[in-house]
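Before any comments, here is the structure.
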Amino acid sequence: MKKDISLLALFVTSAIWGFAFVAQRQGMEFLDPFIFNGIRFSLGAVFVGFFGYRTIARHKKIPWLLGIVLFLGATLQQTGLIWSTAGNAGFITGLYVLFVPLLGIFRKQQLQRQTIYAIILAVTGLYLINDNTDIQVTFSNSLILLGAVCWALHMQLIDKLTRKYDTLYLAFAQFAICAVLSLVTGLIYNLSIRPVEYFHQEIFVNIGVTGIALIYSGLISVGIAYTLQIFAQKKVDPTRSAIILCLESVFALIGGWLILKEELTASILAGALLILLAMIISIRVKTIVISK
């Protein structure tokens with residue numbers, strides 16, 4: 001029963017993240033990656049801190065590495081999106097479904113045959129759903145690929161740290177660390193390329209314009225979805241979690257179709273079906289995990 005709730009939490013997380021792609025794309029039209037991430041992760045930290053301050057106050061150790069990896073993954077993905085196409089970015093980011101089990105080998109996590117089939121289906125589905133006809137090795141795509149490795153490492157770290165920390169504290173700590181690193185980097189970046197007076201005026205105007213995108217990305221995508229991910233990974237192994245979270249690409253295309261009026265092709269629909277099939281296979285597998 002508890003595992004079923006965890007699987008449902010991952011499904012909900014993928015849905016929230018999928019629709020968040022629309023908000024992130026809109027937010028990036030007015031704010032640079034650092035400030036955008038800094039504000040949304042700050043909102044997420046405040047949101048979780050408000051509800052879990054008693055639990056958070058009990059902890060003394062700070063999971064610095066988790067927050068740093070989250071910062072790197074979010075920054076590399078958002079920065080790569082500036083120059084890369086949405087299709088390439090979506091496919092390359094989704095490759096964390098491959099990197100998670102590869103990193104798991106170093107933690108002695110066993111990989112079953114059915115899970116390998118599910119990973120192959122998921123990667124093929126990601127390729128089709130993002131309509132990748134020409135993936136080139138570019139600087140932007142390389143950044144996004146490094147981001148995918150960070151997301152895989154992030155999932156493995158969560159699997160390890162959920163045994164030591166409460167869900168709400170782990171969520172709050174990683175959000176706060178990521179927010180501080182993003183804001184500091186953003187201030188240095190912006191003040192180095194534009195006058196202080198201009199930056200002050202522009203930043204507040206742009207924050208106001210992207211208010212709805214920031215609220216959704218901060219409170220829902222970060223505050224709720226990332227916390228649900230940590231909760232779910234207490235019961236679900238990282239590889240299976242990665243396969244289920246690939247559904248975010250399916251929800252992203254649904255969001256693009258409903259909100260941005262983007263076209264759905266036969267290739268995209270076939271990719272979505274393959275990802276759904278991969279999720280069903282991964283759920284039915286009785287996974288044996290030995291983690292250190």
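Any read-out appearing in this document is the output of simple, stated calculations on the displayed coordinates, not a laboratory observation. Keep in mind that what you see is a predicted model, and the values were worked out from it rather than measured. Cβ: placed from backbone, ideal geometry, glycine included. Neighbour counts: every protein chain shown.
List of remarks:
- Dipole-positive endmost among Ser217, Asn190, Val12 within the range 2-284 (Cβ charges, Cα centre): Val12
- Those residues of the range 40-77 whose amide nitrogen sits under 19 Å from the label point placed on Leu102, 7 Å along Cα→Cβ: 69-70, 72-74, 76-77
- Around Ile82: net Lys/Arg minus Asp/Glu count, Cβ-Cβ under 12 Å: -1
- In this structure, Ser142 and Ala266 have a Cβ-Cβ separation that, at R0 = 41 Å, corresponds to a calculated FRET efficiency of about 0.85.
- Rounded to the nearest 20 debye, the dipole magnitude of the chain is 1680 debye, with +1 charges on Lys and Arg beta carbons, -1 on Asp and Glu beta carbons, and the Cα centre as origin.
- Furthest towards positive pole of dipole, Ile56, Leu103, Gly44, structure part the range 28-132, Cβ charges: Ile56
- Computed [θ] at 222 nm, deg cm²/dmol, the chain (DSSP H ≥ 4; -39,500 (n - 2.57); rounded to nearest 500): -25000 deg cm²/dmol
- Using a cut-off of 23 Å between Cα atoms, the listed pairs Lys61/Lys108; Lys3/Lys61; Lys60/Lys164; Lys60/Lys160 include Lys61/Lys108; Lys3/Lys61 as exceeding that distance.
- Comparing mean-square fluctuations of Leu183, Leu95, Leu191 from a GNM of the chain with C-alpha springs under 10 Å, the top value falls on Leu191.
- The range 172-275 - charge dipole about Cα centre, Lys and Arg +1 at Cβ, Asp and Glu -1, debye rounded to 20: 320
- Likely footprinting exposure, Thr124, Thr79, Thr13, fewest C-beta neighbours within 10 Å first: Thr124, Thr79, Thr13
- Scattering curve values for the range 2-284, log₁₀ I(q)/I(0), Debye with Cα scatterers, q = 0.15 Å⁻¹: -1.15
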